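Each remark here refers to the structure printed beneath this line.
Nothing in this text is a laboratory measurement; each read-out follows from the coordinates by a stated rule. Keep in mind that what you see is a predicted model, and the values were worked out from it rather than measured. Note that each Cβ is placed from the backbone with ideal geometry, even for glycine, and that neighbours are counted across all protein chains shown.
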Amino acid sequence: RSTLQQVAARKGSTFHFGSTYDTYDSDASFLSSVFSTYFNHVVAENGCKWDATEPTRGTSDLTECQAVQSFATKNGATFRGHNTFWHSQTPSWLPGSITASDLVNNVIPQHVQQEIQGMGTSVTSWDVVNEIVGDGVSNGMSALQCVQNKKVWPTQTSDGSSTTLVTDLSFVHAAFTTALKYAGNDTRLAINDYNTGGSDAKTACVLAVLADINANAGIPYNRLAVGFQSHISTSSFISKSALSATFAKLAALGATAMITELDIQLPSGTSAYERYQAAIWGDYLDACLYASNCNEFINWDARDDLSWLGTSAAGTLFDSSGNPKPAAYEVAARL
Ligand code: XIL
């Protein structure tokens, strides 16, 4: 933590270095200790998702999301919002038989407004849309083609016999124009996705979608961000130089880059790669630290046994007893 203050002085802006938390996570004493001494930033792992925040249509329930925000405040940490729109972890009333125009004109604006307005203006950034770009994309695709390739609701809907693709990005524009209206003036509005960060076609798609949001929803670049989830492994990751080049492209536009969900899976059942894991962690951190436009860096799950990947993935900074792994020291040394 104290080194994070020195980082802020060096960068001229707060460096938000955090992890996930939900109030029902086990081991309160470990969590309050790491979030008050090591991390200075908190994101709800699940508590701000659509199923938690709008369990029935039109009803806003920010109980858990606000409890996570209060935990952040209590520990002197900042809070980021994840997320207002995602095809996964949706409430049971979605997608239902909702029409495209109802979705764009009513459902999305209502949900985004009630969540962003309800959580207040101090939220550092919101993942306004999560995982909207497909995995089978290729270079040169338009923003619409990139999203059509996602092949899940609402970009693709199916009645069993026929499949319909979304014909424009108005659902994305609706989310962003509503977010801009209700978010704090300093809150960044992000598109967040996995398997991105390098010179690959999916990252090109994310940049195309960002440009579309700027051009067609009228969101200024200085309010926009790209979140690079970074669920990676010791055998699949983006090099520091490739990450830096991508962050620099965003900086040239005036947009922000952030590492939003980093975990680094080890080959199963071995801790032999822990030092390698530490080196990759250090590279991701450096890419963000030394970029002018990267000030948020989130580690997904604070401890191996709390990880969504399972304990044996060993993908976090702290082992299942709460002891710092080599990566935790590596990160601390680079801050
Ligand atoms: C995961 C959580 O970690 C799990 O607890 C939950 O069961 C499923 O979602 N991309 C995202 C995150 O944007 O919200 C996901 O979080 C991990 C992948």
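Go through segment 2-60 and give me each residue that's without any contact (Cβ under 8 Å) to a residue 60 or more places away in the chain, touching an Asp or Glu at 6+ places or on another chain (Cβ under 8 Å) and closer than 28 Å to residue 321 by Cβ. Listed by number, the residues that qualify are 22, 23, 44, 46, 47.
Picking from residues in segment 316-335 that are small (Gly, Ala, Ser) and farther than 12 Å from residue 19 by Cβ, the one that is farthest from the chain's Cα centre (by Cα) is 321. In this structure, residue 17 qualifies as of a type in the set (Phe, Trp, Tyr) and not in a loop (DSSP other than H, G, I, E, B). Do we find a residue being assigned to a helix (DSSP H, G or I), within 16 Å of the ligand (Cβ to nearest atom) and either under 24 Å from residue 335 (Cβ atoms) or within 17 Å of the chain's Cα centre (by Cα) (or both) anywhere in segment 33-48? So far as segment 33-48 goes, no, none of its residues is assigned to a helix (DSSP H, G or I), within 16 Å of the ligand (Cβ to nearest atom) and either under 24 Å from residue 335 (Cβ atoms) or within 17 Å of the chain's Cα centre (by Cα) (or both). Considering only segment 10-26, state which residues are surrounded by 15 or more Cβ atoms within 10 Å (Cβ to Cβ) and out of contact with any Phe, Trp or Tyr (no Cβ under 8 Å at 6 or more places or on another chain). Of everything in segment 10-26, those that are surrounded by 15 or more Cβ atoms within 10 Å (Cβ to Cβ) and out of contact with any Phe, Trp or Tyr (no Cβ under 8 Å at 6 or more places or on another chain) turn out to be 11, 14, 22, 25. Of all residues in segment 307-317, exactly one satisfies the criterion of being of a type outside the set (Ser, Thr, Tyr), crowded, with 23+ Cβ neighbours inside 10 Å and over 13 Å from residue 270 (Cα atoms), namely 317. Does segment 157-178 contain at least one residue that is under 26 Å from residue 200 (Cβ atoms), within 16 Å of the ligand (Cβ to nearest atom) and assigned to a loop (DSSP other than H, G, I, E, B)? For segment 157-178, residues under 26 Å from residue 200 (Cβ atoms), within 16 Å of the ligand (Cβ to nearest atom) and assigned to a loop (DSSP other than H, G, I, E, B): absent.
Among the residues in segment 288-311, are any acidic (Asp, Glu), within 16 Å of the ligand (Cβ to nearest atom), in contact with a helix residue (DSSP H, G or I) (Cβ under 9 Å, 6 or more places away or on another chain) and under 28 Å from residue 184 (Cβ atoms)?
Within segment 288-311, one or more residues are acidic (Asp, Glu), within 16 Å of the ligand (Cβ to nearest atom), in contact with a helix residue (DSSP H, G or I) (Cβ under 9 Å, 6 or more places away or on another chain) and under 28 Å from residue 184 (Cβ atoms).
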